[in-house]
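The values are calculated or read from the model by the stated rules, or taken from the named source; none is laboratory data. Bear in mind the structure is a predicted one, so any value in this text is a computation, not a measurement. All Cβ positions, even for glycine, are placed from backbone atoms using ideal geometry, and neighbour counts span all protein chains on display. Surface accessibility is based on the protein's heavy atoms, side chains included, excluding ligands, DNA and RNA. Shrake-Rupley method; radii C 1.70, N 1.55, O 1.52, S 1.80 Å.
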Amino acid sequence: MKLFALISLSTLISATPVKRQVTASIDNLFKNHGKTFLGVATDEKYLTVQQNAAIAGQDFGAVTPENSMKWAAIEPSRGVFNFTGADYLVNWAVTNGKSIRGHNFVWGEYLPNWVLNITDAQTLIDVLQNHITQVLNRYQGLLYAFDVINEPLNQDGSLKSTHWTQVIGPDVFRIALEAARAADPSVKLYINDYTLDWNNTKVAGMVNLVNSLNPPGQPPLVDGIGSQAHLNAGEAPSVHGGLVALSEAGVDIAITELDIPGAEPSEYQTVVQACISVRPCVSLSVWGIRDPDSYRPTTNPLLFDESWQAKPAYNSIAGVLNSPSQPSSSSAGGSASGAGAGN
Ligand code: G3I
């Protein structure tokens with residue numbers, strides 16, 4: 001039941017008029033290495049700026065809503081849904097042939113007060129199931145993946161205590177994933193978290209959590225692990241080890257929110273090469289188009305500068321992707337389920 005209708009082209013800022021700044025699309029080059037897409041986080045307030053729409057359209061193959069699919073934006077009060085921002089992004093993506101990574105449902109932060117005020121477990125379960133169903137029904141068949149669970153773990157790999165786990169308990173993860181699977185079986189369901197960028201106790205905790213939700217002999221509930229990769233400068237070389245360790249979970253892996261303070265070209269190259277060389281790493285997304293629009297703008301962590309010019313890091317990625325494929329190592333991971341027909 002598709003509730004959402006494509007808005008006319010004229011109202012969308014399409015990708016074409018602005019002159020290309022770079023010769024090659026890093027998304028096309030990334031796909032030449034057998035990967036699914038190289039994407040970018042954005043939203044209506046950026047896509048309505050022609051230069052941003054042009055870069056997203058010409059150089060990236062997928063979009064993630066930076067904020068428009070979060071609770072505060074999409075259900076500001078109980079049962080009142082505001083799809084304006086999410087509709088714009090989905091419309092723009094469909095019109096420009098881009099994949100969509102939805103973001104996010106079960107996250108312990110930035111929850112509206114009306115959700116935080118619910119302390120009865122069954123009420124919160126009903127609210128969560130309804131929210132997931134409304135969102136995924138609206139975009140039926142249009143989403144490639146969704147971060148159903150976001151940032152569930154502490155650095156030692158234990159479960160974080162959040163409003164969701166305090167009121168419902170750890171079963172909230174199974175409940176949310178089952179609701180998502182029922183609402184749109186075509187969407188790849190992800191658990192997304194940060195500081196999974198080297199082989200550490202949190203990575204082990206993530207593998208255990210996924211294994212607990214994908215017990216042998218039962219249809220898996222988790223199709224992928226998202227490694228946010230909000231790196232600190234100098235951390236790129238350890239990303240490969242983190243990806244290989246995450247492969248033990250036997251599901252897809254995606255780098256979902258990459259940004260690197262200072263955007264050192266060799267660092268971006270190293271992360272892209274790590275994903276290329278680890279077979280279960282299916283996609284890579286950067287968290288924003290240009291530096292001033294980053295959630296940490298003073299660190300200039302992205303691939304385009306304030307004048308929408310490609311930075312050396314962009315060209316270094318294009319350079320490494322232009323060179324022949326390194327053999328992908330890899331741990332026998334790979335996608336658990338056939339789900340994900342969205343795109
Ligand atoms: O939309 C309101 C606007 O109406 C209001 O006038 C304005 C002033 O307060 O706030 C606007 O909301 C802001 C929202 O971004 C949209 O711009 C929130 O205050 C602000 O906290 C929110 O920040 C986002 C943050 O997540 C919290 O949701 C960042 O843009 C976004 O980059 C960041 O992204 C997170 C990922 O979702 C998860 N992983 C970490 C990553 C970085 O923190």
*Top of Ser316, Ser212, Ser307 by mean-square fluctuation, Gaussian network on the chain, Cα under 10 Å*: Ser307
_Over the chain, with a Gaussian network built from C-alpha contacts below 10 Å, which listed residue (Val210, Val167, Val80) shows the highest mean-square fluctuation?_
Val80
*Give the ranking of Val244, Val222 by solvent-accessible surface, highest area first, calculated with a 1.4 Å probe.*
Val244, Val222
*In whole angstrom, and with the biggest value first, how far do the Cα coordinates of segment 142-213 range along each principal axis?*
34, 29, 18
*Name the residue farthest towards the positive end of the dipole of the chain from the options Gln269, His33, Pro170, assuming +1 on Cβ of Lys and Arg, -1 on Cβ of Asp and Glu, about the Cα centre.*
His33
*Report the antiparallel proportion of the DSSP beta bridges in the chain as a percent, rounded to a multiple of 5.*
10 percent
*Could you check which residue among Ala54, Ala93, Ala121 shows the biggest mean-square fluctuation in a GNM of the chain with a 10 Å Cα cutoff?*
Ala121
*Equivalent-ellipsoid semi-axes (√(5λ), Cα gyration tensor) for segment 240-287, whole Å, largest first?*
20, 11, 8
*Taking one equal scatterer on every alpha-carbon of segment 249-330, how large is log10 of I(q)/I(0) by Debye at q = 0.21, 0.24 1/Å?*
-0.94, -1.12
*How many times 2.2 N^0.38 Å is the alpha carbon radius of gyration of the chain?*
0.94
*At a probe radius of 1.4 Å, what is the per-residue accessible area of Trp308, in Å² to the nearest 10?*
50 Å²
_Within the chain, helix-based [θ] at 222 nm, where runs of 4 or more DSSP H residues each add -39,500 (n - 2.57), nearest 500_ = -10000 deg cm²/dmol
*What figure in square angstrom, to the nearest 10, would you give for the accessible area of Lys45 with a 1.4 Å probe?*
140 Å²
*asked:* Using each residue's phi in segment 261-275, evaluate 6.51 cos²θ - 1.76 cosθ + 1.60 at θ = phi - 60° and report the 3J(HN,Hα) Karplus result to the nearest Hz, with x for Gly and Pro.
replied: x, x, 6, 4, x, 5, 5, 4, 4, 4, 5, 5, 5, 4, 5
